[in-house]
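Please read the structure below before turning to the comments.
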Amino acid sequence: MIAIKRLTTADADFAARIETLLAFESAQDDAVEATVTAILADVRQRGDAALIEYTARFDRIAVHSAGELELAPDEMQQALARLPEKQRTALTAAAERIRSYHLRQPLQSWHYEEEEGPLRGTLLGQKVTPLERVGLYVPGGKASYPSSVLMNAIPARVAGVEELIMVVPTPAGERNPMVLAAAALAGVDRVFTIGGAQAVAALAYGTQTVPKVDKIVGPGNAYVAAAKRRVFGIVGIDMLAGPSEILIISDGLASPDWLAMDLFSQAEHDELAQPILISPNAEHLDQVAEALARLLPSMPRRQIIRSALENRGALILVRDLAEACRIANRIAPEHLELALANAEDWLTHIRHAGAIFLGPFTSESLGDYCAGPNHVLPTSGSARFSSPLGVYDFQKRSSLIRVSGSGAHALGEIAATLAYGEGLAAHARSAEYRQQQDQDQLTCASVDQL
């Protein structure tokens, strides 16, 4: 059997028990932080020379120049061409669906003009501009995720990013052909076979060979996460992700085997992953518990799954589905499956979740690979204020303001009054100077092309 926790909202201590279950401290390891700090400083100071040394030390690859760490321009396309047909077809289909979904996301520039009164002719709006260069970190070696390449690179391309730089460690020269094939499909421009904190440093600061980027996205180990945290502000980053999470609300009609495997699908990521099932049907919870125990021995990563289920997993009995939704909003999970016969009817009850999977046939794994929406999602309750990665993460917005002479007079009085109230005389006088302009003597440029 699996010693997964059983909770019920009828118990007096339920609130305390759920708090304990959800508690997760992403404590920073002092040794990791010290190592990362030293690597970042070294790469910032010595550039390519430091990259060469760290690549030899950590990845066991000896090169004479950093240029040797960049793949030839045609190697990605060659990897795609050499994939077995079934893999190439699946990867291509996933890329097309992800691209199609994200093409519906782009934010457009917009503006409007005030048409009446003294502010007539005043223009206000927003100019949306893609980032110029983005860095994509991809785990390498045995832990290779071509799906993450698609999920990170395709939205960047849809957003209009001019150049996409991928870094991927290749321990002992081991290159994953599906990762390179995914890079070809996603439109990656350049690939460097570097990893770890040194790769993050190279992207953040730039070296003689690796160009500095505007933003770094993509998953990595503790060293990569620590490095991204430290360079934030010098460059943008996607998010600081915690362990994977899945929360399933079931009405008892879905197959217990299906739900057990859905819980496994996130538990197999990491011993700290959090798989939770909520249902108002006690017998159904018993059936899922039996399925977990019966199916676990067949799982290649069963030890990791068992640890996640026993350490941070739970089966929770609730009074009704409304209470289940309230608990889901409290947890704000990364993945939320509504394994309900009438899932859409309950969607209005959900406020906080990274991705919502509607109905018993919608497994979370489809979202990970090929449904279309992004699988880079907020974790650790941050779905309360964060969103999935998307096209908007690769764009920035600039405010547009244009006022006429009469508009400057009308707004200047307001601005000057507020500025004097804050004790900022130069602000006030800057506005007052424009009030002395009697007519619209200055020609306003057109903003038709934003």
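Throughout, read-outs are computed from the coordinates displayed, never taken from laboratory work. All figures in this text were calculated on a predicted structure; none of them were measured in a lab. Note: ideal-geometry Cβ built from the backbone for every residue, glycine included; neighbour counts use all protein chains shown.
Testing the spin-label approximation: label points 7 Å from Cα along Cα→Cβ at Thr129 and Ser365. State their distance in nm.
4.5 nm
Would you kindly derive the ³J(HN,Hα) couplings of segment 288-297 from the backbone phi angles with the Karplus curve 6.51 cos²θ - 1.76 cosθ + 1.60 (θ = phi - 60°), listing them in order in whole Hz, with x for Gly and Pro?
Rounded to whole hertz, the list is 5, 4, 5, 5, 4, 5, 6, 8, 4, x.
List the residues whose amide H sits under 5 Å from the amide H of Thr207, counting only those 5 or more places along or on another chain, with H placed 1.01 Å from N in the peptide plane.
Those qualifying (amide H under 5 Å, at least 5 residues apart or on another chain) are Lys212.
So I have (1) 38, 34, 20; (2) 43, 33, 22; (3) 29, 26, 24, and one of them is semi-axes √(5λ) of the Cα gyration tensor in Å calculated from this model. Which one is it?
Checking each listed value against the structure points to (2).
Angle between the Cα long axis of helix 222-231 and the longest principal axis of the chain, 0 to 90 degrees, nearest 10?
With rounding to tens, the tilt is 10 degrees.
Helix 177-186 against the longest principal axis of the chain: what's the angle in degrees, Cα atoms only, rounded to the nearest 10?
30 degrees
Residue by residue, what Karplus-based ³J(HN,Hα) values in Hz, rounded to whole numbers, does segment 326-341 have, using 6.51, -1.76 and 1.60 with θ = phi - 60° and x for Gly and Pro?
So the J values, rounded to whole Hz, are 5, 5, 4, 5, 5, 7, 6, x, 5, 10, 10, 9, 9, 7, 10, 5.
Of all beta bridges DSSP finds with both residues in segment 243-385, what is the antiparallel percent, to the nearest 5?
Of the beta bridges lying entirely in segment 243-385, close to 0 percent run antiparallel.
In terms of modelled amide H atoms, which long-range or inter-chain residues lie less than 5 Å from the amide H of Glu337?
Residues meeting the criterion, in which the H sits 1.01 Å from N, are Leu247, Ile248, Ile249, Phe357.
May I ask for the angle, rounded to the nearest 10°, between helix 302-312 and the longest principal axis of the chain, with both axes built from Cα atoms and the value confined to 0 to 90°?
That works out to roughly 70 degrees.
Mind checking segment 318-395 for trypsin sites (Lys or Arg not before Pro) that DSSP puts in a loop (not H, G, I, E or B) and that have at most 16 other Cβ atoms within 10 Å?
Arg319, Arg351
Indicate, rounded to the nearest 5 percent, the antiparallel portion of the DSSP beta bridges found entirely in the chain.
About 25 percent, rounded to the nearest 5.
If each residue's Cβ is checked for other Cβ atoms within 10 Å, how do Phe394, Phe385, Phe357, Phe14 rank with the fewest at the top?
Taking fewest neighbouring Cβ atoms as first place, the list is Phe385, Phe14, Phe357, Phe394.
Select from segment 128-226 those chymotrypsin sites (Phe, Trp or Tyr not before Pro) which occupy a DSSP coil region and have at most 14 other Cβ atoms within 10 Å, ordered by residue number.
Answer in residue order: no site qualifies.
Taking amide H atoms as placed 1.01 Å from N in the peptide plane, list the residues 5 or more away in sequence, or in a different chain, whose amide H sits under 5 Å from that of Ile216.
The list, which skips near neighbours in sequence, is Gly135, Gly236, Ile237, Asp238.
Exposed loop sites here are GluC sites (Glu not before Pro) in DSSP loop states with at most 10 other C-beta atoms within 10 Å. What is the longest stretch of the chain lacking them?
For GluC sites (Glu not before Pro) (loop position, at most 10 other Cβ atoms within 10 Å), the longest site-free span of the chain is 117-421.
Considering only the other residues whose Cβ falls under 13 Å of the Cβ of Lys228, what net charge follows from Lys and Arg at +1 and Asp and Glu at -1?
Combined, the nearby Lys, Arg, Asp and Glu give +1.
Would you mind getting me the FRET efficiency between Leu358 and Gln436? Use the beta-carbon distance for r and R0 = 45 Å, nearest 0.05.
Once rounded, the FRET efficiency stands at 0.15.
For Met178, what is the net charge nearby, where nearby means another residue's Cβ is under 11 Å from its Cβ and Lys, Arg count +1, Asp, Glu -1?
That sum, taken over residues with Cβ under 11 Å, equals +3.
For Lys228, Lys215, Lys396, what ranking results if the residue with the fewest other Cβ atoms within 10 Å of its Cβ goes first?
Ranking Lys228, Lys215, Lys396 by Cβ neighbours within 10 Å, fewest first, gives Lys396, Lys215, Lys228.
Can you work out ³J(HN,Hα) from phi for every residue in segment 248-264, in order, using Karplus 6.51 cos²θ - 1.76 cosθ + 1.60 and θ = phi - 60°, giving whole Hz and x for Gly and Pro?
10, 10, 10, 8, x, 8, 6, 4, x, 5, 4, 5, 4, 5, 5, 5, 4
Tally Lys and Arg at +1 and Asp and Glu at -1 over the other residues with C-beta under 11 Å from the C-beta of Thr20: what net charge comes out?
So the environment of Thr20 carries a net charge of +1.
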